[in-house]
1. Please indicate, with yes or no, whether at least one residue in the stretch 87-94 is modelled with pLDDT under 95, in contact with a Gly (Cβ under 7 Å, 6 or more places away or on another chain) and part of a helix (DSSP H, G or I).
2. Can you pull out the residues in the stretch 27-46 that are assigned to a loop (DSSP other than H, G, I, E, B) and open to solvent by less than 40 Å² (accessible area, probe 1.4 Å)?
3. Considering each residue of the stretch 207-225, count those that are open to solvent by 10 Å² or more (accessible area, probe 1.4 Å) and in a loop (DSSP other than H, G, I, E, B), and give that number.
4. Name the pairs: first residue in the stretch 35-60 and closer than 20 Å to Asn6 by Cβ and among the basic types (Lys, Arg), second residue part of a strand (DSSP E or B) and open to solvent by less than 50 Å² (accessible area, probe 1.4 Å), Cβ to Cβ under 8 Å, at least 6 apart or on different chains?
5. Report the residue count in the stretch 50-72 for those that are under 19 Å from the mean Cα position of the chain (by Cα), surrounded by 12 or more Cβ atoms within 10 Å (Cβ to Cβ) and not basic (Lys, Arg).
6. Tally up the residues in the stretch 139-178 that are over 14 Å from Gly198 (Cα atoms) and hydroxyl-bearing (Ser, Thr, Tyr), please.
7. Quick one: in the stretch 179-205, which of the residues that are of a type in the set (Val, Ile, Thr) and open to solvent by 10 Å² or more (accessible area, probe 1.4 Å) is farthest from the chain's Cα centre (by Cα)?
8. Are any of the residues in the stretch 104-115 surrounded by fewer than 22 Cβ atoms within 10 Å (Cβ to Cβ), over 23 Å from Tyr236 (Cα atoms) and in contact (Cβ under 8 Å) with a residue 24 or more places away in the chain?
Amino acid sequence: MHPMLNIAVRAARNAGKIILRASEDLSKVDVQQKGTNDLVTNIDKEAEAAIRDTILQSYPSHSIVGEELGEHKGKDADYQWIVDPLDGTTNFIKGIPHYAVSVALKVKGRLDQAVIYDPIRGELFTASRGQGAQLNSKRLRVSKTTVLSGTVLATGFPFKNKHHMDAYTEAFKALFVHTADIRRAGCSALDMAYVAAGRVDGFFEIGLKPWNSAAGELMVKEAGGMVVDFAGGNNYNHSGNIICGAPKLTQAMIREIRPVLTESLLS
């Protein structure tokens, strides 16, 4: 295992321990609203602090961008860690056992290492650039499906971007009529990890942040998949609008949804 991936795994596991311990008594979790339909807990912050401490112990000069604690600017800007300590906070608060820790590393602007850790199931998804993706040390591949017929897709509702609800609904309909089914589980990191594992065939969502998608992006690509924006380009890190899956299936998804999307979602 790459030494920096090893540290990412250690950081994710340390965060996972905090989350698991807290999940045993949710009445003690302090929940706050940081924006419209956007919740944060003391556990998100404690988990991110644990990740940050673990990384900086080994790499004190590296930079870190996290969802809750903002940016730590290290002396070495070539190394940037992108962290979501608890993706699926609403599931966690409600006691729905589906959430994950997401840790990614960019080296000179390119995704290099990724970990998505599901502490409930003990599933550790990892990826290193050029070395493939794995689940608990077993190689991952995206599904071989090339057409939408019979597929199971994953999605996330635009709960923070409800002004896009009409366009999203049209995109959902355009895809749903061709699929076997569509799932909405409330954790985009695991959605993308499941695409990499071939558990779901594809995934689409509006308005993701880099910490939601960075680890999943590398995971999908290293499992042989494709990650694009709604226009089929590479602007997803800016727009947050993501489609991913096996390459031919991803193209099929784009063909169906592009005609029904507003211009703002295609830019």
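The values are calculated or read from the model by the stated rules, or taken from the named source; none is laboratory data. Please read all numbers here as calculations on a predicted model, not as lab measurements. In this analysis, Cβ positions are derived from the backbone assuming ideal geometry, glycine residues included, and neighbour counts consider all displayed protein chains. SASA here: full protein model, heavy atoms, side chains in, ligands and nucleic acids out. Shrake-Rupley method; radii C 1.70, N 1.55, O 1.52, S 1.80 Å.
1. Scanning the stretch 87-94, I find at least one residue that is modelled with pLDDT under 95, in contact with a Gly (Cβ under 7 Å, 6 or more places away or on another chain) and part of a helix (DSSP H, G or I), so the answer is yes.
2. First, pick out the residues of the stretch 27-46 that are assigned to a loop (DSSP other than H, G, I, E, B): 29-30, 36-37.
Answer for the stretch 27-46, where residues must be assigned to a loop (DSSP other than H, G, I, E, B) and open to solvent by less than 40 Å² (accessible area, probe 1.4 Å): just Val29.
3. Looking only at that region, the number is 5.
4. Pairs found: Arg52/Ile64; Arg52/Gly66; Arg52/Val83.
5. The initial filter retains those residues of the stretch 50-72 that are under 19 Å from the mean Cα position of the chain (by Cα), namely 51-52, 64-71.
Among the residues that remain, those that are also surrounded by 12 or more Cβ atoms within 10 Å (Cβ to Cβ) are: 51-52, 64-69.
Remaining after also requiring not basic (Lys, Arg): 51, 64-69.
The number of residues fulfilling the criteria is 7.
6. Looking only at that region, the number is 4.
7. Just the residues of the stretch 179-205 that are of a type in the set (Val, Ile, Thr), to begin with: 179, 182, 195, 200.
Imposing the further condition that a residue be open to solvent by 10 Å² or more (accessible area, probe 1.4 Å) reduces the set to 179, 182, 200.
On the way: Thr179: 22, Ile182: 17, Val200: 14 Å.
In this case the residue turns out to be Thr179.
8. no
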